[in-house]
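What follows is a short report on a single structure.
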Amino acid sequence: MQRFIVLRILQGLLAVFVISLIVFALSRVAGDPLAAILDDEAGKEQIERLRQSWGLDKPLHVQYFTYMRRLLTGDLGVSFRWDRPVLELIAERLPATIQLSAFALVVTGIIAFPIGVLSAVKKDSWFDAGGKMFAILGQSAPTFAVGLILMWVFAVQLGWLPTSGKGGIKHIILPGFALGYYNVAAIMRLTRSSMLDVLDTEYVKLARIKGIPEWKIVWKHCFRNALIGPLTYFSLIFAILITGSVVIETVFAWPGLGLMVIEAINSKDHIVVQAVVMLFALLYVGINIITDITYAYVDPRIRYNQ
Amino acid sequence: MTAVQTATDTILEVNNLKTYIFTRAATVKAVDGISFDLKKGETLGIVGESGCGKTMTALSLLRLVPRPAGRIVEGEIVLNGEDILQKSEDEMRDVRGRQISMILQDPQTSLNPVFTIGNQLREALGIAHRENKSSMLGRAVDALRKVNVAAPERRLDDYPHQMSGGMKQRVVGAIAMSCEPGIIIADEPTTALDVTIQLQYLRLLKEIQAETGLAIIFITHDFGVVARMCDRVAVMYAGRIIEQGDVRDIFSRPAHPYTQALINSVPKLEERVDRLYSIEGQPPLLSNLPEGCRFAPRCPYVSDRCLETYPTSIQLAEAHHADCWALHSDWEGTPIAEYVAPTGTTG
């Protein structure tokens, strides 16, 4: 097990290295960063001075090492738009995004697993049909539309919840649900289909022969086996949460990283965009490692085959 | 043996059991009116080709016919004097595992891959005896020892994928026997094992049976296993039992043309043949059964009567019955050839 974890972390580091190369290359391919900041009236001399002071006159590989060295020491540069260190900005905005994503994730789990399991157990019943409708809606409606509809119904028409911004628990419900809905649908369908497979296995038959109560067969014998499928999907969920947060934070004016990225893009603040992309990539790799370790925990066959 | 004794010895009595599977296209008559009984400590073999309803019979006895398509539509299953078809689902859980248990065909898939052997064994034990964990651990070790698993203490923490097929099947056996049921249904328990392991496993079952007085229903298509294991045999064909009797009667005086053909199709060591014997044709579809005798289309003795009505049962010896018109005294067609047992077939 330990070897497996170490191996996964090493693989993760390799991935991060490749990503940093790509992010660096993209920021250079996107054009001269100076052109984006300085206006046409800037003199040649002025441009050259800035170029030198930022080290942009050096060869690319030297620039990369400088970038990486700074990255490792936590120096992500200074934002043009906000005129503050990027690290400080991220530290300020990240908690809001984590809060929203975590809420969306919990919503997903609480709704998706029970519905998925019950849909399989009560296959072809009205409950199953209802679940299917709910899932299709979630997977086909774009996140921003779900957000807007929820906002219109619960905030504008019913007035139960605030429309946007960050505050108490009431503020998180709508954006959290809107962000989680797509995943609810996906996980529910995955859980249902893997539960159906598991319910049909010989070991479930043996469990029934043993005389085990049906609820225990479902939640002990089947659920853990059925979890393996949806679990692989977990890292994908994270990707959806990241892209979703950019949309949902904008719709609900939620002051997180997503909203910050949109603001940075609008004002061509490449340094901020670059730093946030790098951060998302790091998080993504990290979540992948955690997923694989959880996977190995749930399914002992993976643990030992390594 | 007197009649009174027979009655008290009988642990299971199945009367006219019918289990159908309802699909959109047709009704599959998987089990279509079978009757048999089982005495304490006895081994009954149910023999037949694949798809003749053997496994569905077994699942019916536990009321675990796959739902919602499958349903027991008629009949009685009397276990220790009570018809289990009248029981509620809750009451059935007291029957499963504790009174009737079952060993499945494929040990590779019949253990849950994500729980340890100990966990799965303790679970089965826990249903029978509500006790604390530590004494259950002792029971789990005992249960494994009973089925000859070496170093059982260490095996408890193993996962199924860490064990060999033969070992897994022993564990399945230990689970099936953990609650000391009166009846075990063994559904081709050795088909998935290799030949040397098969023999060990059969011997183990026999030993446990001798110790505990367990009754076994042995489902197989292997006549060699039947000869080794069973006291009585029921031969199934297309959802019905067409002949049943003592294992000696069935092997030395098989009456039904199908039984004769089955026994003839077992290859013999001492005979050199160019072509192995086989029964011509295919069994009928269980969703489209013929009016009369189900074996008639393949039977060498077939007459019009066979095609019209299903033959009534005829008693040939004390516990030897067969469903065949040609055995009735008023039969006018070709008489069934006297069966000559080849020398040294059953050993």
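The values are calculated or read from the model by the stated rules, or taken from the named source; none is laboratory data. If you're wondering where the values come from, they're calculated on a predicted model, not measured in any experiment. All Cβ positions, glycine included, derive from the backbone under ideal geometry; neighbour counts span all protein chains shown.
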Looking at the range B:165-207, which of its residues are under 20 Å from B:GLY138 (Cα atoms) and either within 12 Å of chain A (Cβ to nearest Cβ) or at pLDDT 90 or above (or both)? B:LYS168, B:VAL171, B:VAL172, B:GLY173, B:ALA174, B:ILE175, B:ALA176, B:MET177, B:SER178, B:CYS179, B:PRO181
Tell me the strands (runs of 3 or more DSSP E) entirely within the range B:22-87 that contain at least 1 residues that are in contact with a Gly (Cβ under 8 Å, 6 or more places away or on another chain). B:27-39, B:70-79
Check B:THR43, B:THR10, B:THR57, B:THR27 and return the single one that is under 23 Å from B:LEU205 (Cα atoms) and surrounded by fewer than 21 Cβ atoms within 10 Å (Cβ to Cβ). B:THR10
Of the conditions (1) in contact (Cβ under 8 Å) with a residue 60 or more places away in the chain; (2) touching a helix residue (DSSP H, G or I) at 6+ places or on another chain (Cβ under 6 Å); (3) within 29 Å of A:MET195 (Cβ to Cβ), the single one that A:GLY229 does not satisfy is (1)
Restricting the range B:149-162 to residues that are part of a loop (DSSP other than H, G, I, E, B) and touching a helix residue (DSSP H, G or I) at 6+ places or on another chain (Cβ under 7 Å), which is nearest to the other protein chains (Cβ to nearest Cβ)? B:TYR159
Being loosely packed, with under 13 Cβ neighbours inside 10 Å, touching a helix residue (DSSP H, G or I) at 6+ places or on another chain (Cβ under 9 Å), β-branched (Val, Ile, Thr) and more than 20 Å from A:VAL261 (Cα to Cα) is the requirement here; does A:VAL106 meet it? yes
If I filter the range B:281-298 for residues that are modelled with pLDDT of 85 or more and basic (Lys, Arg), do I get at least one hit? yes
Would you point out which residue out of A:ILE240, A:ILE217 is hydrophobic (A, V, I, L, M, F, W, C), crowded, with 17+ Cβ neighbours inside 10 Å and within 13 Å of chain B (Cβ to nearest Cβ)? A:ILE217
Among the residues of the range B:290-326, what is the count of those that are closer than 16 Å to B:GLN244 by Cα and of a type in the set (D, E, K, R)? 2
From the list B:LEU104, B:LEU111, pick out the single residue that is within 11 Å of chain A (Cβ to nearest Cβ), within 25 Å of B:THR220 (Cα to Cα) and touching a Phe, Trp or Tyr at 6+ places or on another chain (Cβ under 6 Å). B:LEU111
Given the options B:LEU64, B:LEU85, name the one that is of a type outside the set (S, T, N, Q), over 18 Å from the mean Cα position of the chain (by Cα) and surrounded by fewer than 20 Cβ atoms within 10 Å (Cβ to Cβ). B:LEU85
Positions within the range B:57-97 being more than 9 Å from chain A (Cβ to nearest Cβ), within 13 Å of A:LYS205 (Cα to Cα) and not small (Gly, Ala, Ser), in sequence order: B:ARG63, B:VAL65, B:ARG67
Keeping to the range B:239-294, report how many residues are buried (at least 21 other Cβ atoms within 10 Å of the Cβ), within 21 Å of the chain's Cα centre (by Cα) and assigned to a loop (DSSP other than H, G, I, E, B). 6
Evaluate the range B:129-148: report whether one residue or more is under 21 Å from B:MET102 (Cβ atoms), surrounded by fewer than 17 Cβ atoms within 10 Å (Cβ to Cβ), at the interface with another protein chain (Cβ under 10 Å from one of its Cβ atoms) and without any contact (Cβ under 8 Å) to a residue 40 or more places away in the chain. no
